[in-house]
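Notes to accompany the following structure.
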Amino acid sequence: MAAVQRTGWQKIARRIRVPLGFVTAVLFLIFARPTWPLLAAGLVLVLPGLWLRGYAAGYVKKNAELTRTGPYAYTRNPLYLGSMGIAFGIAIAAGRWWLAALLVGLFLMIYLPTILSEEAFLREHFAGFDDYARRVPRLLPRFTAARFEGQDTGAGAFSRERYLHHREYNAAMGAAAIYALLVLRMLLLRGRL
């Protein structure tokens, strides 16, 4: 098989997505105007986003197999969907609507090309990808799990070892740190520190 050719922007997007996340987090903290109700409202998206990322990390065997079980039977990109939940939850907690608008732009600019690049890789390396892509939506999940012919119903169970191998606990630590900084920012703005 020929190697997957990525566009120039896909290569750049894959490289800058994590550092850009840190820059965006700093912007959030600088401009944030959190309140207790906003922090609580943000958790409505942050906590399910963290759960989804952790759940997906326990199923995926990156570059080794086409994962079609667990959350991957509902959406092809549960890790990115979880990240979006976390990011938009933090935007709500920050109390600035324009930060959420900035996130939409960043996701379209960074994650969409990354997803397309990853799909090209999967299509090249896994013969069943096109069938999988027809049955499972790219991002917004199905209501029921997709079933595949010849798929063992017990195949692809959650693995704590895989979760730890992917170090998905870092997402929870990062979200907790951002929330702690938002609380600190709120207290500073109120003159309580």
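The values are calculated or read from the model by the stated rules, or taken from the named source; none is laboratory data. Please read these numbers as outputs of a predicted model, since none were measured by experiment. Note that we place each Cβ from the backbone using ideal geometry, even for glycine, and neighbour counts take in every protein chain shown. The area values use the complete protein model at the heavy-atom level, side chains included, leaving out ligands, DNA and RNA. Shrake-Rupley method; radii C 1.70, N 1.55, O 1.52, S 1.80 Å.
When you scan the range 112-128, do you find a residue that is of a type outside the set (K, R), open to solvent by 30 Å² or more (accessible area, probe 1.4 Å), more than 20 Å from the chain's Cα centre (by Cα) and closer than 21 Å to P48 by Cα, even just one? No, there is no match, as no residue in the range 112-128 is of a type outside the set (K, R), open to solvent by 30 Å² or more (accessible area, probe 1.4 Å), more than 20 Å from the chain's Cα centre (by Cα) and closer than 21 Å to P48 by Cα.
Here T153 clears all of (1) in contact with a Leu (Cβ under 7 Å, 6 or more places away or on another chain); (2) modelled with pLDDT under 90 except the condition numbered (1).
Determine whether the range 6-14 contains at least one residue that is outside any loop (DSSP other than H, G, I, E, B) and among the polar types (S, T, N, Q). Yes: the range 6-14 contains one or more residues that are outside any loop (DSSP other than H, G, I, E, B) and among the polar types (S, T, N, Q).
The single condition among (1) within 26 Å of D131 (Cα to Cα); (2) open to solvent by 20 Å² or more (accessible area, probe 1.4 Å); (3) not polar (S, T, N, Q) that G95 does not meet is (1).
Return the residues of the range 65-93 that are touching a Pro at 6+ places or on another chain (Cβ under 6 Å) and over 20 Å from N170 (Cβ atoms); say none if nothing qualifies. I'd like the intermediate steps shown before the answer.
First, the residues of the range 65-93 that are touching a Pro at 6+ places or on another chain (Cβ under 6 Å): 71, 74-75, 78, 85, 93.
Result: Y74, T75.
Can you find a residue in the range 25-35 that is open to solvent by 70 Å² or more (accessible area, probe 1.4 Å), in a loop (DSSP other than H, G, I, E, B), at pLDDT below 85 and basic (K, R)? No; the residues of the range 25-35 include none that is open to solvent by 70 Å² or more (accessible area, probe 1.4 Å), in a loop (DSSP other than H, G, I, E, B), at pLDDT below 85 and basic (K, R). Within the range 5-13, not a single residue is in contact with a Ser or Thr (Cβ under 6 Å, 6 or more places away or on another chain) and at pLDDT 95 or above.
Within the range 37-44, does at least one residue satisfy the condition of being under 19 Å from F158 (Cβ atoms) and either aliphatic (A, V, I, L, M) or in contact with a helix residue (DSSP H, G or I) (Cβ under 6 Å, 6 or more places away or on another chain) (or both)? The answer is no, given that none of the residues of the range 37-44 is under 19 Å from F158 (Cβ atoms) and either aliphatic (A, V, I, L, M) or in contact with a helix residue (DSSP H, G or I) (Cβ under 6 Å, 6 or more places away or on another chain) (or both).
If you filter the range 36-67 down to residues that are modelled with pLDDT under 95 and of a type in the set (V, I, T), you find that the one that is surrounded by the most Cβ atoms within 10 Å (Cβ to Cβ) is V60.
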